[in-house]
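Quick notes on the structure that follows.
What follows is calculated from the coordinates using simple rules that are stated; it is not laboratory data. These numbers come from a predicted model, not from an experiment. In this analysis, Cβ positions are derived from the backbone assuming ideal geometry, glycine residues included, and neighbour counts consider all displayed protein chains.
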Amino acid sequence: MEKLKCLVPESIKRMVGESSDEDLASTSSTLLHCLLNLPQFQQMIDDLADSNNSLCGKNKKVALELKQKGNESYLTAEYASALESYSQALRVAPMDAVDMDKNLVATLFLNRASLFHKIGFLTESLRDCKRAIQISPTYAKAWYRRGKANVDLGNFKDAVNDFNNAKSFELSLDGKRHIETELNIILERQKSTSRMAVQENENCFGHFDEPCQLKLSQVSTPDKGRGMASQCDIPQASLVHKEEPYALIILKSCRETHCHYCLNQLRADTVPCTSCTIPLYCSEHCQIQAGGEPFSNFQDKIGTKESHSHSHGEYKFALCSDSNPIECFPEHKHECLGVNWPAILPSDIVLAGRILVKSTSQRCSTESNALCDLGLSHSYTQITPESKLELHMYAIVLLCCLQHSFGFELPINGVSLSQTIILISQIRVNSMAIVRMKSVDDPPDQFRKLTSVGDALTSSLEQVPVGQAIYKAASLFNHSCLPNIHAYFLSRTLFIRTTEYVSTGCPLELSYGPQVGQSDCEDRLRYLADKYSFRCQCHGCSQLNLSDLVLNAFCCVNHNCAGVVLESTIINGETRELNNFPRAPEKQKFDSHLQGHKLNIVDINDVASLALKFNNSSLHIQPGFCLHCGTHRDLDASHEAINKAWSYIKRLQEAIISKDISGTTLLDASRALGILRSTLHAYNKSVAEAEDNLAQAFCLVRDFQSAREHCKESIKILQTLYDPDHIVIGYELVKLASIQLSLDDPAAVDSTNHLGLIFARYFGPHVDFIVPYQQFLKRVAHR
């Protein structure tokens, strides 16, 4: 794309860079004609959209090579390697490929099922056998293997059915006799056991039903425009909104680890797309919902030997019996043509393609003239000239790819391109990052039983982005750096819950990313302006708060003073906040407006009393001087000391990643922490980070007592920067509780109880579906 930009004449670049949203039809049409005359552009579209140039198509030869590699690894007990080979072979194997008179895909599913049975993944083995049978209903070995898995799971009735089918389809007499012998043994075991049967389940969607009966109202304010507010008093932890995505895309970084439809972590028995090699799914249910075909649809494409029907066992292949009744659009179907552009273009551009295809299908049914009218805000006029050119070019490339590969019934002209440019701009402003909670101590799920890693000595949780989606109604919730609602996701479904009591008429606001405690005011303002093109005017950014004062502050050189010393880069933002800070008579009004946020004027007075004594007209804060007692600190010397100390902390961070921590590295980092403590303010976030690094390091060398103390110190700082019951504190309490458990410290009970209260505040009853948290609780119970 960068090479193509260089070929665009400067006059067109200038015209595009100076354009407004009203000029888009003209500017995009001009750029389109320019690009169509460039052979480099035509070659790029061919590479992206011509299936003959595809790197994402199926390949029987590669599949057979991977199958052979998997067989060799299986024989040498290299089970992780065998699993990877079989799964990759399934990804590239054509659905109609035949190997040794058997459907290749069915054979690969059976080979992987045998591997799963060998290593104790019985449910996964059962599911793979089912898939092999769907493709090849007369596959005796698949029926036999599934019968063996059902026996080990205690599903004797199903096992009898499976063995009867295996016996019926087995061609050799010796094979029939062997199956008959095992069948008799199973019948005897069935009579003598009352074991509860275990059923496999393809459905990755839990039952997340919770009534959402609260009524919200759409409001409009001069500074924030449209927003949402409560029509009644809302208790803490109340569900205020639930929504399915209009369109969704997985992030490129998660394509190999998470399901491309539900975005949950992939199971060991990954399910490939039936037509291309791009997506992986956690179940056939997700594969079908995304637009794929059921495996059973390929029975007639194998040949007459296996395409005849059978009535053995009356086993029904119900795929979605437990699924939620959610409107489903086959979002991957138009990408599933063995072309390259869905794998190469940025995620937000591919998401735009999904929205265009969906809206076009709806437009055909509603006879609307608009290509795609989401009714969302955009920031086209505020973005840079370079970004405007990028939007123009991606819009042209996307429509050309859709028309070339999918037969998109839409003329590519100024009108369609202008609407596509606005759509991409809307996505960049309104799309939500879908996150998952992850335990950073666990190996990937599909290899958990294949590695020698036992229970982790300590645990930690973190939020990681896995996808990007448009939730049309949820886009109306405005941002605040001091949010009173929290968004989270279960599968594809968005839930929004209050994190504090919200009174009637109060705006309901969530965080678009930055929050008070996470970064200082200037960094938050810069991030929101760059990403969303607005200047935040929330109370966290317009009113002075303790967190912004201390987060990057130096301490006073007077050891008996708790005051903050600020440098010039921070003073401007804090001066603006201080000018808006209410004096004592206004404090009651100020506190009530902020409701549950703990921004205590007494705490601010402890660190910045001199600043609070000034009148607004004479307010003046100088860099390097303590805001509590006026003592001066040499900032140049302080920066030099901090930089040297951080060089040792960074060495420790590298040692933690490599899990190779020497005594010297640990000692140097401990000394560096002392320098940080004596130079930076006690609540500076850098000190909390260093404390946390040392806690991790001491855990790795099994000095849990030292780890516990450093972890406590880190939490103490974060509780001051954030709300003491903020979700960030919950994640830190997971670390502390696991360290305390390693020491048999009774305080682990209090830490776990506090953690439970925080998670209940943010997730309500859905806390039971937060898998990493439930896994942590099991570890607690086990110990």
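Using the charge dipole of the stretch 104-183 (Lys, Arg: +1 at Cβ; Asp, Glu: -1 at Cβ; taken about the Cα centre), state which of S168, Y144, F116 has its Cα farthest towards the positive end.
My answer, from the dipole projection, is F116.
May I ask for the Rg/Rh ratio of the stretch 236-280, computed from Cα atoms with Rh as the Kirkwood radius, given to two decimals?
Values: Rg = 14.1 Å, Rh = 12.6 Å.
With Rh from the inverse mean 1/r over Cα pairs, Rg/Rh is 1.12.
For V564, what residues show an amide H to amide H distance below 5 Å, using hydrogens built from the backbone and excluding near sequence neighbours?
L627, H628
Give me the dipole magnitude in Debye, nearest 20, for the stretch 9-111 about the Cα centre, with unit charges on the beta carbon: positive for Lys and Arg, negative for Asp and Glu. Could the numbers behind the result be given before it?
Numbers: 9 positive and 15 negative charges, 99 e Å.
For the stretch 9-111, the charge dipole is close to 480 debye.
Projecting each Cα onto the charge dipole of the stretch 1-67 (Lys/Arg +1, Asp/Glu -1 at the beta carbon, about the Cα centre), which of L31, V62, A49 comes out farthest on the positive side?
The residue sitting most towards the positive pole is V62.
Given a cut-off of 29 Å, name the pairs among K712/K778; K148/K191; K215/K716; K118/K191 whose C-alpha atoms lie farther apart than that in the structure shown.
K215/K716
What's the ranking of 563-570, 696-703 by average number of surrounding C-beta atoms within 10 Å, highest first?
Highest to lowest by the protection proxy: 563-570, 696-703.
So if I place +1 on the C-beta of Lys and Arg and -1 on the C-beta of Asp and Glu, and nothing else carries charge, what would the dipole magnitude of the stretch 633-697 be about its Cα centre? I want it in debye, nearest 20.
Roughly 60 debye, rounded to the nearest 20.
Toward the positive end of the charge dipole of the stretch 638-763, about the Cα centre and with charges on Cβ (Lys, Arg +1; Asp, Glu -1), which of V687, I727, W646 goes farthest?
Working it through, the farthest residue towards the positive pole turns out to be W646.
Whole angstrom only: what separates the Cα centroid of the stretch 162-189 from the Cα centroid of the stretch 615-689?
When both Cα centres are located, 73 Å separates them.
Determine, for each peptide in 416-428, 497-509, the mean count of other beta carbons within 10 angstrom over its residues, then list the peptides with the highest first.
On the way: 416-428: 23.6, 497-509: 18.8.
Going from most to least packed, we get 416-428, 497-509.
Each residue of the stretch 546-553 in turn: what ³J(HN,Hα) in whole Hz from Karplus with 6.51, -1.76, 1.60 and θ = phi - 60°, glycine and Pro shown as x?
4, 4, 5, 5, 9, 4, 10, 8
Could you sort 170-177, 151-158 so that the peptide with the highest average Cβ count within 10 Å comes first and the rest follow in order?
151-158, 170-177
Please turn the phi angles of the stretch 243-250 into ³J(HN,Hα) values with the Karplus equation 6.51 cos²θ - 1.76 cosθ + 1.60 (θ = phi - 60°), one per residue in order, whole Hz, x for glycine and proline.
7, 8, x, 5, 7, 8, 9, 7
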